[in-house]
1. Going through the stretch 94-107 one residue at a time, which ones are buried (at least 19 other Cβ atoms within 10 Å of the Cβ) and not aromatic (F, W, Y)?
2. Just checking, does the stretch 133-146 include any residue being surrounded by fewer than 16 Cβ atoms within 10 Å (Cβ to Cβ) and at pLDDT below 95?
3. So for the stretch 147-160 (the condition being touching a residue at least 60 places away in the same chain (Cβ under 8 Å), outside any helix (DSSP H, G or I), out of contact with any helix residue (DSSP H, G or I) (no Cβ under 8 Å at 6 or more places or on another chain) and among the small types (G, A, S)), does at least one residue qualify?
4. What is the residue count in the stretch 27-59 for residues that are in a helix (DSSP H, G or I) and either open to solvent by 80 Å² or more (accessible area, probe 1.4 Å) or small (G, A, S) (or both)?
5. Check A67 against each of (1) more than 13 Å from the chain's Cα centre (by Cα); (2) among the small types (G, A, S); (3) part of a helix (DSSP H, G or I) and name the one condition it does not meet.
6. In the set S72, S15, which member is assigned to a loop (DSSP other than H, G, I, E, B), of a type in the set (G, A, S) and within 15 Å of W136 (Cα to Cα)?
7. Can you run down the residue pairs with Cβ atoms below 7 Å, 6 or more apart or on separate chains, where the first is in the stretch 101-120 and farther than 15 Å from G151 by Cα and of a type in the set (G, A, S) and the partner is modelled with pLDDT of 90 or more and in a loop (DSSP other than H, G, I, E, B)?
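The values are calculated or read from the model by the stated rules, or taken from the named source; none is laboratory data. Just so you know, these numbers come straight off a predicted model, no measurement behind them. Don't worry about glycine lacking a Cβ; one is built from the backbone with ideal geometry, like all the others, and counts go over all protein chains shown. Heavy atoms of the whole protein, side chains included, go into the accessibility calculation; ligands, DNA and RNA do not. Shrake-Rupley method; radii C 1.70, N 1.55, O 1.52, S 1.80 Å.
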Amino acid sequence: ARGRGITFRHGIAESPFGPALIVASERGIAFLAFADEAGGFAGLDEFRAAWCEADWTPDEAGARRIAATIWSDRAARQRRLTLWVHGSNFQLQVWRALLAAGQHSTVSYQQLAHAIGRDSACRAVGSAVGANPVAWLIPCHRVLRANGALGGYRWGIERKQAMLGWELARAVRSASRRRLSASRASAGSR
């Protein structure tokens, strides 16, 4: 029904990677994109066209709350977000494989193709990765070429570099905290 009966709340919130447009329904986050240099959001026109019968309600405060949850310092296990994404069966398989690859893991297009049992479908996997409607949440920024090169990114290669660096810095910081806690616990038990 092209969205008839669905209300999408939308707003722009700051993220560690610039302004992010977040669109959510009562079922979950349906779209997340980062602003380009001109202030546009890649994929938004197609998303709106696909859901042209939906009601669209501005909700900047809601977008800020979601953004705060997404990029908080709390451990990922403690954050609870629901995604409500739509795509072809193939796209959904690729997106699930990306989510299953694990937090902070990079993966190649070939590895994703293998993970879904379609070893010869690297190009199709690349197209599915590029069609991801929820940047960051389905971590398409973690997909690299087989040679380790960054490849492309719908929201800009510089942003992809920043995302990978930001995740690495958080992982290092978290590991340092765990080591410090373990050494304090060890010293306290002596």
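1. Listed by number, the residues that qualify are V94, A97, L98, V107.
2. So far as the stretch 133-146 goes, yes, one or more of its residues are surrounded by fewer than 16 Cβ atoms within 10 Å (Cβ to Cβ) and at pLDDT below 95.
3. Within the stretch 147-160, one or more residues are touching a residue at least 60 places away in the same chain (Cβ under 8 Å), outside any helix (DSSP H, G or I), out of contact with any helix residue (DSSP H, G or I) (no Cβ under 8 Å at 6 or more places or on another chain) and among the small types (G, A, S).
4. Selection size over the stretch 27-59: 5.
5. Exception for A67: condition (1).
6. Exactly one of S72, S15 is assigned to a loop (DSSP other than H, G, I, E, B), of a type in the set (G, A, S) and within 15 Å of W136 (Cα to Cα), namely S72.
7. A113/D119; A113/A121
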